[in-house]
Amino acid sequence: MSAASSQVVQAKQKRPFYFLKWAKSRKGQQTIIIVAFMFIPLLLLFTFTYFPFAEMFKFSFYKMKYIGPRKFVGLDNYIQVFKRDDCFGALKLSFYYIGGAMVQLVIALYLATMLSFKVKGGNIFKGFMFFPYLISGIAIGFIFKFFYTRGFVFDTVLQWCGFELENLPYWLKDQRINNISLVATSVWRYFGQNMVLFIGAIMSVDAELYEAAELDGANKFQQFRFIILPSIKTIVTLNVILSITGSLSAFEPPYVITSGANGTGTYFVIMNDIAHVSQKVGLASSMAIVLLFIIFVATVLQKLFFKYVMRDEEDENKRAGFRREKSLVRYRKKRGA
Amino acid sequence: MKLKRVLALSMAAVLTLSMVGCGSGSNESTAVNTNEEAAQVPAEATDDAAEETATGEKAAVDGLNYVDIVLGESYTDITTTIKWISHRTDLIESGAMDTYIEKFNEMYPNITVEVEGVTNYADDALLRLTSGDWGDIMMIPAVDKNLLSEYFVPYGDLDSMKEVVRFVDQWMYDNTVYGVASTGNAQGIVYNKAVFEKAGITAIPKTPEEFIAALQAIKDKTDAIPLYTNYAAGWTMGAWDAYINGSATGSGKYMNQELLHTKDPFKDYGDDTHAYAVYKILYDAVANGLTEEDYTTTDWEGCKGMINGGQIGCMVLGSWAYSQMVDAGENGDDIGYMSFPITVNGKQYASAGPDYNYGINVNASNDNKAAAMVFVKWMTEESGFAFNEGGVPIDMDGEYPELYSAFEGIEFVADEPAVAGEEDILNELNAESELNINSGGDTKVQAIIEHAANGDKTFDEIMNEWNEAWTGAQETAGVEVTN
């Protein structure tokens with residue numbers, strides 16, 4: 001008590017401020033820790049994320065190589081991004097990857113639902129299907145390079161199934177299907193991870209609901225449609241958003257398997273080429289900024305879309321509740337009367 | 001433990017300090033060197049210090065000159081140990097290097113040569129060079145030419161050196177030569193003789209038409225893939241750029257001097273020469289189905305065994321690839337090397353260039369400098385190193401290895417350096433046009449194959465695009481266009 005009161009007295013007397021003393025005091029320590037907890041993460045975030053980003057933003061207005069003189073060119077780089085047909089042409093490939101992402105989500109959701117019910121050897125299946133996610137993307141690239149080689153793994157398997165080699169396409173050479181081949185590798189890699197996320201979400205659904213539904217005579221599909229899907233809506237939304245953003249910035253499969261040649265160069269591969277082979281750092285930076293905005297817009301649009309879809313249902317529910325209450329009130333009135 | 005830590009720390013401190021020294025300028029590092037030497041060889045300290053001030057003159061005064069050295073007679077009285085850092089770790093491990101040195105010691109028993117192999121040579125050598133701690137002979141890494149005299153002993157002036165040694169202008173500055181190449185590479189085509197024979201090709205094709213006809217014959221008469229593109233590896237495609245200079249024009253000035261100022265360098269010259277003809281061979285071969293079926297899944301490691309076993313007719317690769325193809329299987333004798341099928345005004349040329357060059361430490365003692373130069377001359381003239389490596393001989397009188405038997409009457413053309421003040425223009429044009437000739441422009445050559453296979457663009461359309469890109473780059477860079 002006395003110490004506290006003396007502190008008060010000190011404060012009142014406005015004694016000179018001793019930093020060391022203050023730092024050792026309880027209050028000082030509190031402040032220091034609070035500031036440190038706030039400041040250190042912010043500092044790291046700033047140095048490793050925002051500062052490099054700001055630098056890149058600055059680069060996008062210059063004509064420059066990694067070393068050597070830089071020349072300010074204003075919006076020239078941005079104009080070029082929109083003028084060059086290889087930049088936005090490459091973005092068209094993203095539709096392949098978005099399509100793949102949708103297929104991947106459907107497969108993952110289907111398998112997750114299956115596996116969340118009682119299945120023999122369910123955990124082994126989960127393990128097998130999650131396994132590709134653990135392999136490094138580079139290794140997957142090499143696996144599929146051989147997988148798709150003419151007369152190698154894939155063709156052999158198809159021949160077992162009765163296909164003739166002459167009727168099979170060249171999986172990586174034919175420009176009509178080579179992007180699909182590449183997307184398939186990415187689906188193969190990520191559907192297991194999506195599936196595990198979905199299983200996690202489905203596990204949180206109250207098992208009594210299934211029982212009740214079964215008593216009401218609902219079949220498995222109806223259980224999925226009316227119990228599981230509404231309960232895991234949030235995680236589905238999240239996965240869709242992540243998949244689409246990921247599709248816009250697809251890089252590994254084309255870079256490793258085809259090195260972006262033969263019409264498989266996605267936006268990132270083209271950007272990498274421009275930045276590292278031709279060393280047009282300014283142009284590549286502005287490409288990155290443009291892509292960032294595209295991703296922003298895509299994300300916002302998706303959010304709005306899902307918000308719209310969800311609000312609709314909630315509104316319905318709200319109205320339903322409102323109506324129910326109203327009728328209850330009416331009922332009570334009747335009874336009361 | 002503590003002592004170790006202190007030692008490690010002080011080592012680190014010393015290392016960083018010395019690095020700081022090199023960063024701030026090469027003058028300082030040479031100064032550090034003299035001090036070190038002064039400590040080691042007190043007697044010679046004054047000599048060395050004097051030498052620092054006027055290295056070039058001193059060498060000339062001493063009469064240390066590559067051309068004047070007579071092996072077996074000059075400098076036989078020197079007893080010393082010289083140290084050589086080399087990039088050929090493979091030869092050091094296999095003991096081949098020791099054999100060379102033993103032979104050298106038969107002629108010069110008093111000069112001991114120590115070799116140190118460096119695995120990551122290009123980077124490490126540069127560091128060692130700036131630190132000054134590297135011995136007497138090194139394979140010259142990528143240094144700026146105006147710094148050559150600070151690090152290396154001049155071998156002599158350009159005119160006299162040109163008479164006895166090939167590829168002297170690689171490390172030439174101010175008409176003084178600072179490097180002698182260890183061996184040389186030429187640009188041609190690796191092919192399987194047995195496959196060519198089976199296809200009934202007796203004379204080596206000299207023009208693009210003859211070459212395409214030969215490929216067609218291979219396709220018709222054998223099961224082999226006539227021309228394997230190695231599309232998927234990427235860099236093997238960029239390697240086609242190495243043929244557009246000497247091989248396609250016969251001029252050593254083309255790459256670094258003429259190309260910069262040429263208007264539309266990819267146009268059809270009408271006589272099957274220049275870049276147009278080089279890339280057209282590739283386009284035509286693919287368009288006519290004379291390459292592998294599925295170019296997207298070619299396998300670089302696998303192709304070596306395939307050409308050795310006769311499943312591939314030929315591949316467009318530098319002469320360095322020859323020995324790899326020979327070693328890849330049992331039929332090494334079948335592998336041959338021929339020149340690129342372009343004839344300029346009735347004569348065939350082959351682009352050629354030096355491998356790593358020997359450089360001698362300018363800070364070494366006089367005895368070591370002389371001993372080192374004797375050794376370099378011996379390696380060039382007597383050792384048969386370039387011959388054993390399957391390279392173009394560096395010694396003007398040297399013998400060509402067997403693989404160049406098909407190169408008789410073909411002139412080797414090495415790239416001449418850029419004109420003073422224009423050294424950076426090629427890089428700038430390359431980046432600006434995104435064609436990246438001879439500097440990683442793999443995708444543009446890959447695109448030729450894609451368009452040829454899909455038939456969605458004619459060859460002339462591709463070349464027109466390249467010309468446009470090049471012209472645009474010339475305009476941006478403000479380069480004067482002459483013709």
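The values are calculated or read from the model by the stated rules, or taken from the named source; none is laboratory data. Remember, predicted model here, so these are calculated numbers, not experimental data. Positions of Cβ are backbone-derived with ideal geometry, glycine not excepted, and every protein chain shown enters the neighbour counts. Surface accessibility is based on the protein's heavy atoms, side chains included, excluding ligands, DNA and RNA. Shrake-Rupley method; radii C 1.70, N 1.55, O 1.52, S 1.80 Å.
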Q. When you go through B:Gly250, B:Gly246 one by one, which is the residue that is buried (at least 23 other Cβ atoms within 10 Å of the Cβ), within 30 Å of B:Glu480 (Cα to Cα) and of a type outside the set (A, V, I, L, M, F, W, C)?
A. B:Gly246
Q) Looking at region B:290-303, which of its residues are within 14 Å of another protein chain (Cβ to nearest Cβ), open to solvent by less than 30 Å² (accessible area, probe 1.4 Å) and in contact (Cβ under 8 Å) with a residue 40 or more places away in the chain? A) B:Thr291, B:Glu292, B:Tyr295, B:Thr296, B:Thr297, B:Thr298, B:Cys303
Q) If you take the residues of region A:270-289 that are away from chain B (no Cβ under 12 Å) and among the polar types (S, T, N, Q), which of them is surrounded by the fewest Cβ atoms within 10 Å (Cβ to Cβ)? A) A:Ser285
Q. Regarding A:Gln223, is this residue open to solvent by 10 Å² or more (accessible area, probe 1.4 Å), modelled with pLDDT under 90 and either over 30 Å from B:Ile448 (Cα atoms) or assigned to a loop (DSSP other than H, G, I, E, B) (or both)?
A. no
Q: Hey, could you check region B:180-223 for residues that are farther than 22 Å from B:Tyr283 by Cβ and assigned to a strand (DSSP E or B) and say which is most open to solvent (accessible area, probe 1.4 Å)?
A: B:Asn185
Q) What residue, among those in region A:287-336 that are more than 30 Å from A:Lys83 (Cβ to Cβ) and of a type in the set (Val, Ile, Thr), is modelled with the lowest pLDDT? A) A:Val309
Q) What are the residues in region B:65-81 that are over 15 Å from B:Val180 (Cβ atoms) and either touching a strand residue (DSSP E or B) at 6+ places or on another chain (Cβ under 9 Å) or outside any loop (DSSP other than H, G, I, E, B) (or both), if any? A) B:Tyr75, B:Ile78, B:Thr79, B:Thr80, B:Thr81
Q | Of the criteria (1) surrounded by fewer than 22 Cβ atoms within 10 Å (Cβ to Cβ); (2) aliphatic (A, V, I, L, M); (3) closer than 30 Å to B:Glu408 by Cβ; (4) outside the structural domain of B:Thr236 (by TED's automatic domain parsing), which one B:Val177 fails | A | (1)
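Results for (1) at pLDDT 90 or above; (2) in a loop (DSSP other than H, G, I, E, B); (3) within 14 Å of chain A (Cβ to nearest Cβ); (4) under 19 Å from B:Leu435 (Cβ atoms), shown as yes or no for each residue.
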{"position": "B:Met255", "(1), (2), (3), (4)": "no, no, no, yes"}
{"position": "B:Leu259", "(1), (2), (3), (4)": "no, no, no, yes"}
{"position": "B:Gly270", "(1), (2), (3), (4)": "no, yes, no, no"}
{"position": "B:Ile281", "(1), (2), (3), (4)": "yes, no, no, yes"}
{"position": "B:Val286", "(1), (2), (3), (4)": "yes, no, yes, no"}
{"position": "B:Gly305", "(1), (2), (3), (4)": "no, no, no, no"}
Q) For region B:125-153, which residues satisfy the criterion of being in contact with a Lys or Arg (Cβ under 6 Å, 6 or more places away or on another chain) and buried (at least 21 other Cβ atoms within 10 Å of the Cβ)? A) B:Trp134, B:Asp136, B:Val153
Q: Would you mind listing the helices (runs of 4 or more DSSP H) fully within region B:310-392 where at least 2 residues are of a type in the set (Gly, Ala, Ser) and either outside the structural domain of B:Val153 (by TED's automatic domain parsing) or modelled with pLDDT under 90 (or both)?
A: B:320-327
Q. Could you list, in sequence order, the residues of region A:52-81 that are touching a residue at least 12 places away in the same chain (Cβ under 8 Å) and of a type in the set (A, V, I, L, M, F, W, C)?
A. A:Met56, A:Phe57, A:Phe59, A:Phe61, A:Met64, A:Val73, A:Leu75, A:Val81
Q.
Take A:Lys145 and tell me if it is basic (Lys, Arg) and within 11 Å of chain B (Cβ to nearest Cβ).
A. yes
**Q.** Residue tally, condition facing chain A (nearest Cβ under 8 Å) and either in a loop (DSSP other than H, G, I, E, B) or in contact with a strand residue (DSSP E or B) (Cβ under 9 Å, 6 or more places away or on another chain) (or both), over region B:440-460
**A.** 3
Q: Hey, can you tell me all the residues within region B:315-326 that are surrounded by fewer than 21 Cβ atoms within 10 Å (Cβ to Cβ) and touching a Lys or Arg at 6+ places or on another chain (Cβ under 8 Å)?
A: B:Gln324
(Q) If I ask for residues that are assigned to a loop (DSSP other than H, G, I, E, B) and aliphatic (A, V, I, L, M), which ones from region A:66-83 would you list? (A) A:Ile67, A:Val73, A:Leu75
Q. Does B:Met107 satisfy the criteria of being in contact with a Phe, Trp or Tyr (Cβ under 9 Å, 6 or more places away or on another chain), surrounded by fewer than 24 Cβ atoms within 10 Å (Cβ to Cβ) and either modelled with pLDDT under 85 or over 30 Å from B:Ser405 (Cα atoms) (or both)?
A. yes
Q.
Just to verify a result, which residue in region B:393-408, among those that are in a loop (DSSP other than H, G, I, E, B) and modelled with pLDDT of 80 or more, is farthest from the other protein chains (Cβ to nearest Cβ)?
A. B:Asp397
(Q) Considering only residues that are hydrophobic (A, V, I, L, M, F, W, C) and either out of contact with any helix residue (DSSP H, G or I) (no Cβ under 8 Å at 6 or more places or on another chain) or surrounded by fewer than 18 Cβ atoms within 10 Å (Cβ to Cβ) (or both), which ones fall in region A:123-142? (A) A:Ile124, A:Phe125, A:Phe128, A:Phe130, A:Phe131, A:Leu134, A:Ile135, A:Ile138, A:Ala139, A:Phe142
Q: Among what's in region B:413-427 and is part of a helix (DSSP H, G or I) and more than 9 Å from chain A (Cβ to nearest Cβ), pick the residue that is surrounded by the most Cβ atoms within 10 Å (Cβ to Cβ).
A: B:Ile425
**Q.** Scope region B:349-371; condition open to solvent by less than 10 Å² (accessible area, probe 1.4 Å) and of a type in the set (Ser, Thr, Tyr); matching residues
**A.** B:Ser351, B:Tyr358
Q. Regarding A:Gly217, is this residue over 28 Å from the mean Cα position of the chain (by Cα) and either within 25 Å of A:Thr266 (Cβ to Cβ) or open to solvent by less than 70 Å² (accessible area, probe 1.4 Å) (or both)?
A. yes
(Q) Looking at the structure I just gave you, is B:Ile462 at pLDDT 90 or above and open to solvent by less than 10 Å² (accessible area, probe 1.4 Å)? (A) yes
Q.
Take B:Ala239 and tell me if it is closer than 19 Å to B:Val413 by Cβ, buried (at least 24 other Cβ atoms within 10 Å of the Cβ) and among the aliphatic types (A, V, I, L, M).
A. no
Q: Answer yes or no as to whether A:Gly151 is within 14 Å of another protein chain (Cβ to nearest Cβ) and either surrounded by 14 or more Cβ atoms within 10 Å (Cβ to Cβ) or within 29 Å of B:His451 (Cα to Cα) (or both).
A: yes
